[in-house]
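Worksheet: one structure, shown below.
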Amino acid sequence: MLKMFRRIRNNYQGGIICLTVIVVMFGGIGIKMGAAPMLNTIMNTAHDLLLNTVFYLMGICVITGALGKIFVEFGVVDLLEKILRPLMRPLFNLPGMASLGAVMTFLSDNPAIIALSKEKHFALAFKKYQYISLTNFGTAFGMGLIVIIFMMGQGFYIEPLIGFFGAFVGCIVSTRLMQHFVLKNHPNYADEPAYDEHIEAPEVEKENEHKTVFVRILNSLLDGGRSGVDVGMAIIPGVLVISTFVMILTFGPSADGTYTGAAYEGVELLPWLANKLDWLFGFLFGFHDPHQVAFPITALGAVGAALGLIPNFVQHGWADGNAIAVFTAIGMCWSGFLSTHTAMLDSLGYRELTSKAIISHTIGGICAALVAHWVVLLIGLF
């Protein structure tokens, strides 16, 4: 009997652990919310994310994919590489054309970097370890323009720019740390190109000689948009699964304190845990109110949802200039990366490195917040 038990344990140890974790996790949530409301909330949250988040992100992928193809077709990518190469190499250890990804994610959202990376002409400039780190590099600037403008709309002008600088530093930390982890696990990636096949420029140029500018623009828009649709489809599983789970752990019951099964209800586990470390957040980031911890916690899943907290914070006097700078830095750098990194790396074909990307970007976001807080303190001395 003992030998049989050991054989079962050895053969099915992984399955037993997995089943135990799932039962404990969803059992605890079900006890708090109730089984029926929990299941309804999961379905309603996933459905709302599909309609209002995934299709929105797919639209971004289509537009940025078309724009990226235009930039590739008419040499903008090559121009940016030559201009920005002196900056990109020493800071991020990336080719100069990677700056285009930063611009596109800054103007839109994280998945824009993946739509661009699907262009072989773009990817051929990267070694494999650099190509993988694009997920961290692009995510650090996701929704940057939206975050900065929103903060300025709340009456803060210098602080969002300080936060942008903090996000820039956090991006350097996250990108280089991810490259370190990749090379540590796969040393051969240091010399392997992102794509093995080569694009022969003379043939492309010769082919383009027989096409009018209008035809080249039209083909680029349609081909780039089609690649954006493929990327948009690829991000659906990661967004629905990861975001739904994060939302349940982040948000609380309905307004009257009951669980109705509506979308975005939850058990507030993450804010509860964060409140236990309120003293640490105050020491590191200068937070003077426990409510401020809710912003970085929410930004892990969706920076758009985190921005929705700001007007309330300002109205109640919970947010000062330091908090806005830190919020901007950590909001830009993280920008919902827990809900997108899995899908982004999956679409690149390196799903097994997701944990490394998450660890690297978590550290990068913390560094971004630290730098923003320190800069505010230094400015306050003058």
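The values are calculated or read from the model by the stated rules, or taken from the named source; none is laboratory data. Please read all numbers here as calculations on a predicted model, not as lab measurements. We place every Cβ from the backbone using ideal geometry, glycine too, and count neighbours over all the protein chains shown.
Some observations on this one:
- Helices (runs of 4 or more DSSP H) fully within region 38-123 that include at least 3 residues being in contact (Cβ under 8 Å) with a residue 24 or more places away in the chain and within 17 Å of Asp230 (Cβ to Cβ): 55-73, 112-117, 120-123.
- Hits in region 105-121 (condition: touching a Leu at 6+ places or on another chain (Cβ under 6 Å) and either under 11 Å from Ala194 (Cα atoms) or crowded, with 24+ Cβ neighbours inside 10 Å (or both)): Pro111, Ile113, Ser117
- When region 142-158 is filtered for residues that are assigned to a loop (DSSP other than H, G, I, E, B), aliphatic (A, V, I, L, M) and modelled with pLDDT of 85 or more, nothing remains.
Yes/no matrix, rows are residues, columns are (1) of a type outside the set (Ser, Thr, Tyr); (2) touching a Ser or Thr at 6+ places or on another chain (Cβ under 8 Å):
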residue: Gln292; (1), (2): yes, no
residue: Ala319; (1), (2): yes, no
residue: Ala323; (1), (2): yes, no
residue: Thr328; (1), (2): no, no
residue: Ser335; (1), (2): no, yes
residue: Arg351; (1), (2): yes, yes
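- Scanning region 157-174 for residues that are over 17 Å from Ser360 (Cβ atoms) and small (Gly, Ala, Ser) yields a single hit, Gly163.
- Residue under evaluation Lys32, criteria (1) free of Cβ contacts under 8 Å to residues at least 40 places away in the same chain; (2) over 14 Å from Ala112 (Cβ atoms), criterion not met: (1)
- Some residue of region 134-141 being among the hydrophobic types (A, V, I, L, M, F, W, C), touching a helix residue (DSSP H, G or I) at 6+ places or on another chain (Cβ under 6 Å) and either outside any helix (DSSP H, G or I) or surrounded by fewer than 24 Cβ atoms within 10 Å (Cβ to Cβ) (or both): yes
- For the criterion of being closer than 30 Å to Leu269 by Cα, aromatic (Phe, Trp, Tyr), at pLDDT 80 or above and surrounded by fewer than 17 Cβ atoms within 10 Å (Cβ to Cβ), Phe74 fails.
- Among all residues of region 181-203, there is at least one that is in a helix (DSSP H, G or I), at pLDDT below 80 and not small (Gly, Ala, Ser).
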